[in-house]
Amino acid sequence: MPDIELLERQLTARVHASAQPSEVLRAPEIRQLYAQIRTLDASQRAEFGARVNALKLSIEQAIAARQAELDYVELPPIDVTAPMDVNAALPALLPAEQGSQHPLTREIARISEIFGRMGFVTEQSREIDDQYHMFESLNFPKGHPARDDYDTFMTVETDREQEPLIAPAHTSTMQNRTLVKYRDQLERGEAIAAIVPDRVFRNEDLDARHEHTFYQVEGIYVARGVHAGMLVATLKKFLEEYYGRQLEVRVNPFYFPFTEPSFEFALSCPFCEHGCNVCSQSKWIELLGCGMIHPNVLRAADIDPEVYTGFAFGCGIDRLVMMKYGIEDVRHFESAKLDFLRQF
Ligand code: PHE
C-alpha cells in the first residue's frame, strides 16, 4: 500500500513551491492512486477510495490558497488627490508626428489670424456660465420669450441668484465681459475689437446639421461712429479671405434682443453659380446672425450709447468649415473617428 500521508506532504510542498499550482493535480502519483483503486478487492476498495478522495480534496485546498497568494499584488499607497504624474509615470503618448490637429482647431487658428490682421484680439469663452451673462446682460429680461430659442444644459448648482448655471448656448455670453475688459480703450480713442471663437452647447435633436456641442465665433466692435455698413464690410472681407474668392453678401432684417437693428447675413454660394446641394439650389447660404449692439447691452457694460456704437455678430464655425471642405455631417467633428480626422 502506498503511503498516502507521505504523498500528501510531498504534493503539498510542491504546491507551495509552484508558480502554477494547479498543475500538481496532474501529478502521475495521483493518477496511479486512482488506477490502483480498481485493482483492490472489494473489502479494501471503499476505504482506500475515500482516502484518495480526501487527499485530492486537501491538494485542491492547498492549490486555492497558493493561487490566492500568487494573485495578491501589493499596491503601493497612492495619494488620490495628487497631480497625475506623482503616483505613476506619465502615460506614453502617441508620437506627435503620427497625430494631427483637429480640423476645427486648425480652422479656429486661421479665423483668428484673419481677424487678427483686421485688428481684432481673440478672447476665450467658458463652458459653464451664469444666467446673467447668457441673458440679462444681453437684454433678455427674466421671462423673455426669446430665451426659449437658447435651450441648453443646466447644472444642479445655482448662481448667486439661485438660478442654475448653464452650458452657454452662444458665444454672446462674452459680450458683456469683453466690453467691460476693454472699455478703457474707448476713452483713449481706440476701438474695442475682439472675436470669441469657442465651444457652445444646445439641446438639439441630433442630425447631419445639428450637434449638441458646436463652435461659434462672436465678433464685437465698438467705437465712435460705428455703423451697419462697417459690419457688412467686415464680414464680407473676412469671408472672402476665408474662402479665398470674391463673394456677394445679402442682409435681411431679423430679431435678436441684444442687437438693434438685427440682421440675418447670407453669402452667395462659394461653390456654384446656378444652385447646388450645398446651398439647397438657392444660390445663397444663410450663415450668421448680427446687428448693431443694443444700447442696453452697452449700458450694462457702463459704456454710453450716446457716445459709442458698435456691431456684433455670431457665426457657426462648424458650418463654415463643413462648406470649406465639403464635409457632409457635422457629427464627424465630435466623433473622434481617425479615418475622418486623418484626412486633415
Ligand atoms: N448669439 C446669436 C446666436 O447664437 C448670434 C448673434 C451674435 C446675433 C451677435 C447677433 C449678434 O443665435
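The values are calculated or read from the model by the stated rules, or taken from the named source; none is laboratory data. On a predicted model such as this, the values are computed, not experimentally measured, just so you know. A quick note on method: Cβ atoms are made from the backbone with ideal geometry, for glycine too, and the neighbour counts reach across all protein chains shown.
Things to note:
- Cβ-Cβ under 8 Å pairs, at least 6 apart or on other chains, region 213-229 side on the phi > 0 side of the Ramachandran plot, far side more than 10 Å from the ligand (Cβ to nearest atom) and modelled with pLDDT of 95 or more: 225/309
- Some residue of region 94-108 being more than 16 Å from the ligand (Cβ to nearest atom) and touching a Pro at 6+ places or on another chain (Cβ under 7 Å): yes
- Annotation note: of 97, 60, the sole residue that is exposed (fewer than 10 other Cβ atoms within 10 Å of the Cβ), not assigned by TED's automatic domain parsing to the domain that holds residue 165 and not in a loop (DSSP other than H, G, I, E, B) is 97.
- Residue within region 83-94 that is surrounded by 11 or more Cβ atoms within 10 Å (Cβ to Cβ), over 24 Å from residue 198 (Cα atoms) and not β-branched (Val, Ile, Thr) present: yes
- Selection of first residues in region 148-167 that are under 25 Å from residue 255 (Cα atoms) and touching a residue at least 40 places away in the same chain (Cβ under 8 Å) and of second residues that are of a type in the set (Lys, Arg) and within 16 Å of the ligand (Cβ to nearest atom), restricted to Cβ pairs under 7 Å at least 6 apart or on distinct chains, gives the following pairs, ordered by first then second residue: 151/202; 152/202.
- Looking across region 1-52, the residues that are modelled with pLDDT of 90 or more, surrounded by fewer than 15 Cβ atoms within 10 Å (Cβ to Cβ) and in a loop (DSSP other than H, G, I, E, B) come down to 19, 20.
- Identity of the residue in region 238-282, part of a loop (DSSP other than H, G, I, E, B) and within 16 Å of the ligand (Cβ to nearest atom), that ends up surrounded by the fewest Cβ atoms within 10 Å (Cβ to Cβ): 257
- Residue in region 174-184 that is farthest from residue 216 (Cα to Cα), counting only those that are crowded, with 21+ Cβ neighbours inside 10 Å and of a type in the set (A, V, I, L, M, F, W, C): 179
- Search result, residues across region 154-173 that are surrounded by 11 or more Cβ atoms within 10 Å (Cβ to Cβ) and away from the ligand (no atom under 16 Å from the Cβ): 154, 155, 158, 159, 163, 164, 165
Residue by residue, here is whether (1) among the basic types (Lys, Arg); (2) over 29 Å from residue 242 (Cβ atoms) holds:
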{"site": "96", "(1), (2)": "no, no"}
{"site": "110", "(1), (2)": "yes, no"}
{"site": "124", "(1), (2)": "no, no"}
{"site": "136", "(1), (2)": "no, yes"}
{"site": "145", "(1), (2)": "no, yes"}
{"site": "148", "(1), (2)": "no, yes"}
{"site": "177", "(1), (2)": "yes, no"}
{"site": "193", "(1), (2)": "no, no"}
{"site": "199", "(1), (2)": "yes, no"}
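- Against the test of being surrounded by fewer than 16 Cβ atoms within 10 Å (Cβ to Cβ), of a type in the set (A, V, I, L, M, F, W, C) and at pLDDT 95 or above, the options 223, 208, 233 yield a single qualifying residue, 233.
- Extreme residue, nearest to the chain's Cα centre (by Cα), among residues of region 117-153 that are hydroxyl-bearing (Ser, Thr, Tyr) and more than 14 Å from the ligand (Cβ to nearest atom): 122
- Total residues in region 283-340, condition part of a loop (DSSP other than H, G, I, E, B), of a type in the set (A, V, I, L, M, F, W, C) and more than 23 Å from residue 193 (Cβ to Cβ): 3
- Every listed requirement among (1) charged (D, E, K, R); (2) within 16 Å of the ligand (Cβ to nearest atom); (3) modelled with pLDDT of 95 or more is met by residue 190 save one, (2).
- Residue within region 307-321 that is more than 16 Å from the ligand (Cβ to nearest atom) and surrounded by 16 or more Cβ atoms within 10 Å (Cβ to Cβ) present: yes
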